Amino acid sequence: MKALVAEDQMLLRVGLTRILEAGGVTVVAAVGTADALAEALGRDDVDIAIVDVRLPPTFTTEGLKAVVTARSARPGLPVVVLSQYVEPLYARELLAAGTGSVGYLLKDRVVDVDGFVAAVRQVAAGGTVLDPEVVAGLLSARPLDRLTDREREVLTLIAEGRSNAAVATRLYVTEKAVDKHINNIFTKLDLPPAPDDNRRVLAVLAWLNAA
């Protein structure tokens, strides 16, 4: 797997590079500005991009804008966005395409080296990984009257990127029970089966955007 790293702080950029390479991921480019990121995203040997939301020159949303543009040109490009703080608006924008291969993690999570590398690999494989604190921030402000408390717990864990088996283990229930809850969630959020849609991701989006 070949990765692109975009982080303006040199020490963290070097640290991310070393962590990834120690985990068997080849870093083909490590950049520190939005312009350098935009250029690097045009490379055809990038399998996944790990990008800081805030990059020079304004330190606002340059990183996010660059990856959103890149995903428009290359649909499905796996991207893991790193942020210093919980910024729900950015997470919603990243997920707006309704497809997987995205991650949104707080930088503090990088200290869990194995967990970070596992998240990168999960996103590269087409999954979605959201930091638990980001999920909590996203969901706390949205009414979820159609879902039961248990269904909300299941959807929160799905949003964190957990498999059905992992959800079952976390909630001390059977996988069959998890399947039933997920089907109920899809039904309540009006998400019928569709071969071209990732209903797990769409369920999270529908929840976040519920009126």
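Summarising the amide proton neighbourhood of Val81: residues at separation of 5 or more, or on other chains, whose placed amide H is nearer than 5 Å comprise Val51, Gly103, Tyr104, Leu105. In order along the stretch 38-55, the Karplus-derived 3J(HN,Hα) couplings, from 6.51 cos²θ - 1.76 cosθ + 1.60 at θ = phi - 60°, round to 4, 5, 5, 5, x, 5, 8, 9, 9, 8, 7, 10, 10, 10, 6, 4, 9, 9 Hz, and Gly and Pro are given as x. Per-peptide packing, taken as the mean over residues of other Cβ atoms within 10 Å, places 164-176, 15-27 in the sequence 15-27, 164-176 from highest down.
The relative contact order of the stretch 1-72, computed from alpha carbon pairs under 8 Å that lie at least 6 residues apart in sequence, is 36 percent.
Compared with the direct C-alpha span, the chain from Met1 to Val14 gains 2.9 nm at full extension, assuming 0.36 nm per residue. Sequence-ordered 3J(HN,Hα) estimates for the stretch 156-167 from the Karplus curve with 6.51, -1.76 and 1.60 and θ = phi - 60° stand at 4, 5, 4, 5, 7, x, 7, 6, 4, 5, 5, 4 Hz, glycine and proline given as x.
Bear in mind that the values in this text are calculations on the coordinates, not laboratory data. Keep in mind that what you see is a predicted model, and the values were worked out from it rather than measured. Backbone-built Cβ (ideal geometry, glycine too); neighbour counts: all protein chains shown.
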